[in-house]
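The values are calculated or read from the model by the stated rules, or taken from the named source; none is laboratory data. This one's a predicted model, so the numbers in the text were calculated from it and none came from an experiment. Positions of Cβ are generated from backbone atoms using ideal geometry, with glycine treated the same way; all protein chains shown enter the neighbour counts. With ligands, DNA and RNA removed, areas are computed over all heavy atoms of the protein, side chains included. Shrake-Rupley method; radii C 1.70, N 1.55, O 1.52, S 1.80 Å.
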Amino acid sequence: MRNLILRYTYKGDIVLDPMVGGGTTQIESLLTGRNTIGIDINKNAALVTKDRLDFLIKNFGDILSKTEHKVFVGDARNMDLIEDNSIDFIATHHPTPI
């Protein structure tokens, strides 16, 4: 994911991940100076991602670029709260079936 983010975005861009899962896209975006919006239908996945982001910002915020990261519980099929033309890159990698 880091390679895709570095190749197709610039620092300060907004990266959307409509299925956050464990938060890899948000973490790599944070570490590379990108802003993120993450959505997951699974409340626990959203909470794990939020906790991971909060940990990194709390412990390493002084050396990381100042970026904004939003994580929502919601359905990727309905993203009415996101403004049109506000996203620079969409990272979609579907959940792995059990």
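Picking from Ile41, Ile63, Ile82, which residue would you name as being touching a strand residue (DSSP E or B) at 6+ places or on another chain (Cβ under 8 Å) and open to solvent by 90 Å² or more (accessible area, probe 1.4 Å)? Write out each step before concluding.
Details: Ile63 fails: touching a strand residue (DSSP E or B) at 6+ places or on another chain (Cβ under 8 Å); Ile82 fails: open to solvent by 90 Å² or more (accessible area, probe 1.4 Å).
Residue meeting the stated conditions: Ile41.
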Of all residues in region 12-58, count the ones that are in contact with a Ser or Thr (Cβ under 8 Å, 6 or more places away or on another chain) and more than 16 Å from Ala91 (Cβ to Cβ).
-> 1
